[in-house]
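Chemist: Structure incoming, see below.
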Amino acid sequence: MKIMNKYIVSALTGLLMVSCIDTSVLPDDKITGEDFWQSKEDVSNMVADVYKAMCNVDAMERYIVWGNFRSDELIETTANINDTKHNALKDISNGVMTTTNTYANWASIFSIINRCNVILEKAPEVVMIDPSYTQETYYTDESQMLGIRALCHFYLLRAFRDVPYSEVAYLNSSQDMAIAQNPPSYVLQKCIDDLNRALEHPLSPTGYTDWRKVGLLNRDGLKAILADVYLWRASMMHNEADYRECARLCQEIIDSKKSQVLANEQGGSFGPGMGGGSISAEQEYPLYDGENAFARNFISGNSSESIFEIQLDGTNNSNNGLRNMYWNYDDKSRGTGYLKVPRALFGSADENSAYASKNDYRYYDNCFGVGGNDLEDMYVRKMSALSSLANTPNNVGSWKGQNFVSRGYSQIDQNWIFYRLTDVMLMKAEALVQIGDDESLTEAFKLVAAVYNRSQGDAVELTEPTQKTKDECERLVLNERRRELCFEGKRWFDLLRYNYRHIEGVRPDLMLWQIAGEGGTKESFLQNYTEMMSLVALRYSEGGSATVLKINREAFLYFPILESEMKVNANLHQNPVYSANDIYQKN
């Protein structure tokens, strides 16, 4: 059983918002009243409410749109849909984003942040009131809230670049909520500080045997976020020390996962089989075999490979954000979402596509319609399907068989996975490649091969080249991340790191408006890496080169700040390439 009535079904309305942190991300009267914050249960309800907010449809859609949509993995549905979301996606795709684009709205993420801040401010008072709410219990709540707050800011930074870092609980309208932005270097360090503080008193990944072992943010989850932050900063700043820290944290997570499997084999309580299947501690990397991996990770959920995933049950909490994007945006006219998959990349297996071989289990499991070469549209199976398709390599059903999912409109209950083991393995590989010595390149290849080979059935395994170059290994990791982590909100961020590693003169210590200066032009910003932009162009069936030319400077890689936010917060500075000044128009 997933969440049901024991998890985030809170009776509280939570924290209300009108626009975002700059207006009224405020709690209701019940939360601020003197009768609240009196007991351990009050705090537990509010902690649960934070996890519930992470399932919010607006937040879920942003994990996908911010992390995936602008990459080569997804394109908008070509159906004649006239609504705000679909039109916003078309504008993003066409490189003509405006300051009113609905996906430039960061309110749902700042709302989660303020929930965390309220708990961090108010929960210590409960320690003094309720003896059952001990200091140790508070520490575990504090750890989770600090970690989630850092994760949310990390999302904002990767989507907008220059963002406020909010550490204040906004409880009433008399508070000054006009927070100023900060440059990436500041925000990244604040994320690191929060995560390191959270790791002082983390939940143990072996503390639970049910959904909470990965549904609550524990030590492994905190380290995964921290490794990701270090990897981003290392790529932006070309900093070897941060690459080494990323690799160290990833190895600690791998070791933790191995120890958990070993404990289970010796009669411990942590089992790999919440979703069935088995993993042996004799394996160098504790992964399911390729035939079972899809079902264990994306259908049963809460698998032994998982590190942190938010819990959805299709009843109290449906994954409506995923439904809107990948499955079915309404219940009347279509069975597809706002987004689909480029057939050229995911509908074949050759040197020009995402897959090297049709023996790859993921080739069939990740997308609907890979066998229907006469059909134009392909859609995401991962997290949408109710069963694994690729029981054996090359065993692909008919188009209708692949497209059929028997469930009601609202029963979208797959969890959303923020981090899982193969993601961490490939993060480590990416960091090792950038360290670049022979030993690091050899280990990086070994990690990639472990992820690739487990999905190949009886096919030929990945062969290590006699001579390995840093550039070849970098593309090897990038390509394997696309195969393994497609549609999981990773690819656009992967491409941005790839971009930063190949351009010189990045100024993470300055905000974009400071870089542009008075009278600047779009040429004030660094030109993006040609190879990265060529990958983005693959998403377009035609006109890709012209479209990517519109976004060929660093500032275009980020969203504008919503116009309504600019009006209520005088301390915000708009991304200059979205300024009303004609000098920045994309022409």
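The values are calculated or read from the model by the stated rules, or taken from the named source; none is laboratory data. All values derive from a computational prediction rather than experimental measurement. Cβ coordinates were reconstructed from backbone atoms using ideal geometry, including for glycine residues, and neighbour counts include every protein chain displayed. Ligands, DNA and RNA are excluded from the accessible area calculation, which covers all protein heavy atoms including side chains. Shrake-Rupley method; radii C 1.70, N 1.55, O 1.52, S 1.80 Å.
Chemist: Find how much the distance from A241 to S185 grows on full extension, using 0.36 nm per residue of separation minus their present alpha carbon separation; answer in nm with one decimal.
Modeler: Additional length available on full extension: 18.7 nm.
Chemist: Here is the link list: K52/K490; K122/K428; K428/K468; K52/K550; K190/K223; K340/K428. Which ones come out longer than 27 Å on Cα distance?
Modeler: Violating the 27 Å limit, Cα to Cα: K122/K428; K52/K550; K340/K428.
Chemist: Next up: For region 33-104, what is the accessible area per residue in Å², given a 1.4 Å probe and the full set of protein chains?
Modeler: I get 33 Å² per residue for this part.
Chemist: Which percent of the Cα-Cα distances in region 67-220 go past 23 Å?
Modeler: 52
Chemist: Keeping all protein chains in the complex and leaving out DNA, RNA and ligands, what accessible area do you get for D210 with a 1.4 Å probe, in Å² to the nearest 10?
Modeler: Looks like 50 Å² after rounding.
Chemist: Can you list, largest first and rounded to whole Å, the semi-axes you get for region 144-255 by taking the square root of 5 times each eigenvalue of its Cα gyration tensor?
Modeler: Over the Cα atoms of region 144-255, the semi-axes work out to 25, 21, 10 Å.
Chemist: Largest first, how would K522, K470, K258 line up by accessible area (1.4 Å probe)?
Modeler: From most accessible down to least: K470, K258, K522.
Chemist: Would you work out what percent of the accessible area of region 102-152, with all protein chains in place, is carbon or sulfur (probe 1.4 Å)?
Modeler: Carbon and sulfur together cover 52 percent of it.
Chemist: Now, a different point. Using a probe radius of 1.4 Å on heavy atoms only, what accessible surface per residue do you get for region 455-587? Whole Å² is fine.
Modeler: 45
Chemist: Also, I was wondering about something else. Loop only per DSSP, at most 15 neighbouring Cβ atoms within 10 Å: give me the GluC sites (Glu not before Pro) in region 190-258, ordered by residue number.
Modeler: E200
Chemist: Kindly provide the GluC sites (Glu not before Pro) of region 420-514 that DSSP labels as loop, not H, G, I, E or B, and whose Cβ sees at most 15 other Cβ atoms within 10 Å.
Modeler: For GluC sites (Glu not before Pro) across region 420-514 that sit outside H, G, I, E and B with at most 15 neighbouring Cβ atoms in 10 Å, the list reads E461, E504.
Chemist: Expressed in nm to one decimal, what extension gain is obtained for the pair S541 and E136 from 0.36 nm per residue of sequence separation less their Cα-Cα distance?
Modeler: Additional length available on full extension: 140.2 nm.
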